[in-house]
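Engineer: Shown below is the structure under consideration.
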Amino acid sequence: MKYRIAFLSALAASFCIAQAEDKPKTETPAMPKPEVVKSDDEWKKLLSVEQYEVTRQRGTERPNGAIYHEFEKQGEGTYYCVCCGAELFTSKEKFHSGCGWPSFYDSSKAKGVLEKVDNGHGMKRIETVCKRCDAHLGHVFEGEGFKTPTDRRFCINGVALKFVPKGGEAPKLLDLDSAAVQQKKDEVAKEGGVEPKK
Ligand SMILES: [Zn+2]
């Protein structure tokens, strides 16, 4: 009988451990993997020093710089990821926050912006990245009292954005990572070398 009780309590304990271990997994949904994956060297070749520092090294540009003043002057249009060309914001969501960095109250309908918890620098903040290539864009802050439809402030580094005025041509989307590119090429080759129309 003693053995049986010991066995049962051991079983119960292992069950509890299993439960405890399972819990965080169900509460933290896995972040979608970026489609565009490149090495640091590859990014360095594609980007300017400042673009690389901000988007790939999670840097922050100087507030109220030349890029910000350019941003303030821009009219209607769309903002794309400087790394991969994904749509991130439009001028519709732009607002003047006075913080010295480009501010938007929401991402564009394309939903190309991913929000991640950032515990760096002793603060708990929400980092914003490009969903497609994981480029660091900036942070998002909530409940600051801005009279916008969301009361959220996407505080974005201007250097991470490529602006295209309304009616202009969207930048070419950067190819997927090399394995995905090879797969696509194989598919195209199978179909007789003609890229299917989108
Ligand atoms: Zn991107």
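The values are calculated or read from the model by the stated rules, or taken from the named source; none is laboratory data. Values in this document were obtained by computation on a predicted structure and should not be read as measured data. Virtual Cβ from ideal backbone geometry, glycine too; neighbours counted across all protein chains shown.
Engineer: Among the residues of the stretch 80-127, write down those that are among the small types (Gly, Ala, Ser) and assigned to a strand (DSSP E or B).
Structural biologist: Ser103
Engineer: Right, something else. Return the residues of the stretch 30-79 that are part of a loop (DSSP other than H, G, I, E, B) and among the aliphatic types (A, V, I, L, M); say none if nothing qualifies.
Structural biologist: Ala30, Met31, Val36, Val37, Leu47, listed by residue number.
Engineer: Can you tell me which residue is farthest from the ligand (Cβ to nearest atom) among those in the stretch 73-91 that are surrounded by 13 or more Cβ atoms within 10 Å (Cβ to Cβ) and either charged (D, E, K, R) or more than 13 Å from Ser108 (Cα to Cα) (or both)?
Structural biologist: This residue is Gln74.
Engineer: Which residue pairs have Cβ atoms under 6 Å apart, sit 6 or more places apart or on different chains, and have a first residue in the stretch 49-67 that is farther than 17 Å from Gly98 by Cβ and a second that is β-branched (Val, Ile, Thr)?
Structural biologist: Final answer for the pair search is Glu50/Val159; Gln51/Val82; Gln51/Val159; Val54/Val159.
Engineer: Please enumerate the residues belonging to the stretch 90-112 that are closer than 12 Å to Cys155 by Cβ and in contact (Cβ under 8 Å) with a residue 12 or more places away in the chain. If you could, list the steps in order and put the result at the bottom.
Structural biologist: First pass over the stretch 90-112, keeping only residues closer than 12 Å to Cys155 by Cβ: 95, 97-105.
The answer is Phe95, Ser97, Cys99, Gly100, Trp101, Pro102, Ser103, Phe104, Tyr105.
Engineer: If you scan the stretch 148-184, which residues turn out to be over 19 Å from the mean Cα position of the chain (by Cα) and at pLDDT below 95?
Structural biologist: Residues satisfying the conditions are Ser178, Ala179, Ala180, Val181, Gln182, Gln183, Lys184.
Engineer: Identify, by number, the condition in (1) at pLDDT below 95; (2) within 12 Å of the ligand (Cβ to nearest atom) that Arg132 doesn't meet.
Structural biologist: Status for Arg132: all satisfied but (1).
Engineer: Hey, can you tell me all the residues within the stretch 146-169 that are in a loop (DSSP other than H, G, I, E, B) and surrounded by 13 or more Cβ atoms within 10 Å (Cβ to Cβ)?
Structural biologist: Across the stretch 146-169, the qualifying residues are Phe146, Thr148, Thr150, Asp151, Asn157.
Engineer: Okay, moving on. Given the structure, is Ala13 more than 16 Å from Cys133 (Cα to Cα) and at pLDDT below 50?
Structural biologist: Spelling it out, Ala13 is indeed more than 16 Å from Cys133 (Cα to Cα) and at pLDDT below 50.
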